[in-house]
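This report concerns only the one structure given below.
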Amino acid sequence: MHAASAFVASDFYSALATFVLFLHALFILWVIFGALLTRSRPLFRWLHIASLVWGILTEVLPWPCPLTLLENWLEGRAGVEPYQGGFLLHYLDKLIYPDISANLLTIAGVIVCVSNLAFYGRQMWIGRHR
C-alpha cells in the first residue's frame, strides 16, 4: 500500500510541475506579446509593464524566478531530477536555440523586454502630446 501511495503522490507532484511549466510558458508569452492585449486596458498595461521589469530583473540579476523554484521543488517531490538554471535556458535553449550561448539568450530576452517598454514609453509620450 505504501508503494501505491508514493506512486500517486509522485504523479500528483509531476502533474503540478507540468501545470507550473505551462504557467511559466504562458507568463513568457505574456511578457513577449502582452502589449498586443493591453490596448485601452490600463490595468493590463501596468501589469504588463511590471512583468517586463520583472523579466529584465530576473535575467540580469541573480534572482531566481519563483515559478522556476516551484517547478524544481515539485519535480524533486515527484522523484525527477530538477533542472539547474533558469526556465529559458533549460527549455528554450535546448528546443529552439541549441547553439546559442546563455549570455546571448539573456541579452535577447532583455532586448524583447526593453523594446516593449520603449513601445509603452512612446505610446505615453504620444498620448500626452495630443
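The values are calculated or read from the model by the stated rules, or taken from the named source; none is laboratory data. This structure is a prediction, so every number in the text was calculated from the model and none was measured. Every residue, glycine as well, gets a Cβ built from its backbone with ideal geometry; the counts of neighbours run over all protein chains shown.
Odds and ends about this structure:
- Taken together, the residues in the stretch 3-13 that are in contact with a helix residue (DSSP H, G or I) (Cβ under 9 Å, 6 or more places away or on another chain) and modelled with pLDDT of 85 or more amount to 2.
- Among residues of the stretch 39-83 being at pLDDT 90 or above and of a type in the set (Phe, Trp, Tyr), the one that is farthest from Leu104 (Cα to Cα) is Phe44.
- All of Leu16, Leu21 fail the test of being modelled with pLDDT under 90 and either polar (S, T, N, Q) or in contact with a helix residue (DSSP H, G or I) (Cβ under 7 Å, 6 or more places away or on another chain) (or both), apart from Leu21.
- Condition met for Trp73 (under 15 Å from Leu21 (Cα atoms), of a type in the set (Phe, Trp, Tyr) and surrounded by fewer than 18 Cβ atoms within 10 Å (Cβ to Cβ)): yes
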